[in-house]
Amino acid sequence: MNRPIRSFVLRQGRTTPAQQRALDELAPRYGIPFGEPIVSDKPLVLEIGSGMGETTLEIAKAHPEADFVAVEVHGPGVGSLLNRSETDGLKNLRLVRHDAVEVLERMVADGSLAAVHLFFPDPWPKKRHHKRRLVQPAFVSLLRQKLKVGGVLHVATDWPEYATWIEEAFAGWEKASRGFAERPTTKFEARGRKLGHPIRDLYFRNS
Ligand SMILES: C[S@@+](CC[C@H](N)C(=O)[O-])C[C@H]1O[C@@H](n2cnc3c(N)ncnc32)[C@H](O)[C@@H]1O
């Protein structure tokens, strides 16, 4: 069978009892099942690879005027974000536990996104793994199709060579100086900084 090349490898990882409870009990309330259309009458922001969701939560809190959808494949991260979202009583955040490329293709209407957030995508540094990078020509076209005209893609990376790769991939897009929201710092970013990695935020507008 022809298996697609994915941008992630699903590690089992440890799911804590609290995360498992969230996956069982909160996902039916705050999750969107794969395949269901994502609709909103507010500006709609999709985050790809929300990880543990610290950034997602802060941004959703700071922007009650918008609706946020976090897409992540990693169960413990989804469980953790579900828990925090409930504790904080967030009304404008939903989660999808699935491959973001398929979510974009199947669940998001064309021209419907105000912004896409892609914070610290796995850089897949080895050359033979570059094909696993999320940013590929087909992904760039998919974003062009799903973002509104004027919508912005905000990417952050601590991997300079991936930053260059991304700039080349979006060379045909208008560069913007800011995104939909200020990006708060995550633990992941702090680790990058500690290792001396420069952090880059890149903004591209679908003009
Ligand atoms: C390096 S982590 C960064 C997490 C988070 N954005 C942060 O800044 O802390 C990348 C995340 O993207 C997720 N991911 C990678 N490819 C994905 C895809 N195609 N769909 C959904 N999530 C994906 C991984 O599971 C992982 O949690």
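The values are calculated or read from the model by the stated rules, or taken from the named source; none is laboratory data. Not measured: the values here are computed from a predicted model. Cβ sites come from the backbone with ideal geometry, for glycine too, and all protein chains shown count toward neighbours. All accessible areas refer to the heavy atoms of the entire protein, side chains included, with ligands and DNA or RNA removed. Shrake-Rupley method; radii C 1.70, N 1.55, O 1.52, S 1.80 Å.
In table form, for the structure just shown:
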{"quantity": "Neighbours by Cβ (under 6 Å, 6+ apart or cross-chain): first from region 6-23, part of a loop (DSSP other than H, G, I, E, B) and within 14 Å of the ligand (Cβ to nearest atom); second modelled with pLDDT of 90 or more and not charged (D, E, K, R)", "calculated": "7/134; 8/73; 13/76; 15/75; 15/76"}
{"quantity": "When residues of region 186-201 are limited to those that are under 24 Å from residue 113 (Cβ atoms) and touching a residue at least 60 places away in the same chain (Cβ under 8 Å), the one most open to solvent (accessible area, probe 1.4 Å)", "calculated": "188"}
{"quantity": "Residues of region 91-120 that turn out to be in contact with a Ser or Thr (Cβ under 7 Å, 6 or more places away or on another chain) and either within 14 Å of the ligand (Cβ to nearest atom) or of a type in the set (Phe, Trp, Tyr) (or both), as a count", "calculated": "2"}
{"quantity": "Wholly enclosed strands (runs of 3 or more DSSP E) of region 90-206 bearing at least 1 residues at pLDDT 95 or above and of a type in the set (Lys, Arg)", "calculated": "93-96, 147-157, 200-205"}
{"quantity": "Yes/no for residue 132 being under 24 Å from residue 60 (Cα atoms) and either open to solvent by 20 Å² or more (accessible area, probe 1.4 Å) or away from the ligand (no atom under 15 Å from the Cβ) (or both)", "calculated": "no"}
{"quantity": "Test: residue 204 is open to solvent by less than 80 Å² (accessible area, probe 1.4 Å) and more than 13 Å from the ligand (Cβ to nearest atom)", "calculated": "yes"}
{"quantity": "Region 84-105 - residue that is of a type in the set (D, E, K, R) and over 16 Å from the mean Cα position of the chain (by Cα) and, of those, most open to solvent (accessible area, probe 1.4 Å)", "calculated": "91"}
{"quantity": "Filtered residues of region 46-83 (kept if buried (at least 21 other Cβ atoms within 10 Å of the Cβ) and either in a strand (DSSP E or B) or more than 13 Å from the ligand (Cβ to nearest atom) (or both))", "calculated": "46, 47, 48, 60, 67, 68, 69, 70, 71, 82"}
